[in-house]
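Peer 1: Encoded as structure tokens, here's the structure I'll be asking about.
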């Protein structure tokens with residue numbers, strides 16, 4: 001199973017972020033912006049906004065968004081270790 005850190009756009013990009021922010025910063029927000037995600041990271045009482053850019057699915061933006069939402073309150077480093085949640089298979093009434 002794929003982990004967040006295996007995405008070509010990982011770690012999230014932030015022009016102001018230092019390696020400490022990317023390592024020890026706490027994920028406090030996730031927001032979808034088209035086919036990308038905007039992440040809010042808290043480090044040393046300051047909020048940083050980082051982008052997780054376009055990638056070619058799989059996984060889908062929704063799957064990555066759900067995984068990151070589940071990782072709220074964790075460090076960015078720990079979030080990178082998370083396995084990407086696969087969207088549940090939805091079957092119709094006939095089982096297809």
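The values are calculated or read from the model by the stated rules, or taken from the named source; none is laboratory data. Just so you know, these numbers come straight off a predicted model, no measurement behind them. In this analysis, Cβ positions are derived from the backbone assuming ideal geometry, glycine residues included, and neighbour counts consider all displayed protein chains.
Peer 1: If residue 73 satisfies every condition in (1) at pLDDT 95 or above; (2) farther than 15 Å from residue 9 by Cβ; (3) surrounded by 13 or more Cβ atoms within 10 Å (Cβ to Cβ) but one, which is the exception?
Peer 2: (3)
Peer 1: Okay, next question. Among the residues of segment 10-36, what is the count of those that are in contact with a helix residue (DSSP H, G or I) (Cβ under 7 Å, 6 or more places away or on another chain) and assigned to a strand (DSSP E or B)?
Peer 2: The total comes to 3.
Peer 1: Quick one: residue 50 ticks every box in (1) within 13 Å of residue 10 (Cα to Cα); (2) buried (at least 16 other Cβ atoms within 10 Å of the Cβ); (3) touching a residue at least 40 places away in the same chain (Cβ under 8 Å) bar one, so which box is it?
Peer 2: (3)
Peer 1: Under 6 Å between Cβ atoms, which residue pairs at least 6 apart in sequence (or on different chains) link something in segment 56-76 that is free of Cβ contacts under 8 Å to residues at least 24 places away in the same chain with a partner that is crowded, with 16+ Cβ neighbours inside 10 Å?
Peer 2: Hits for this filter: 66/85.
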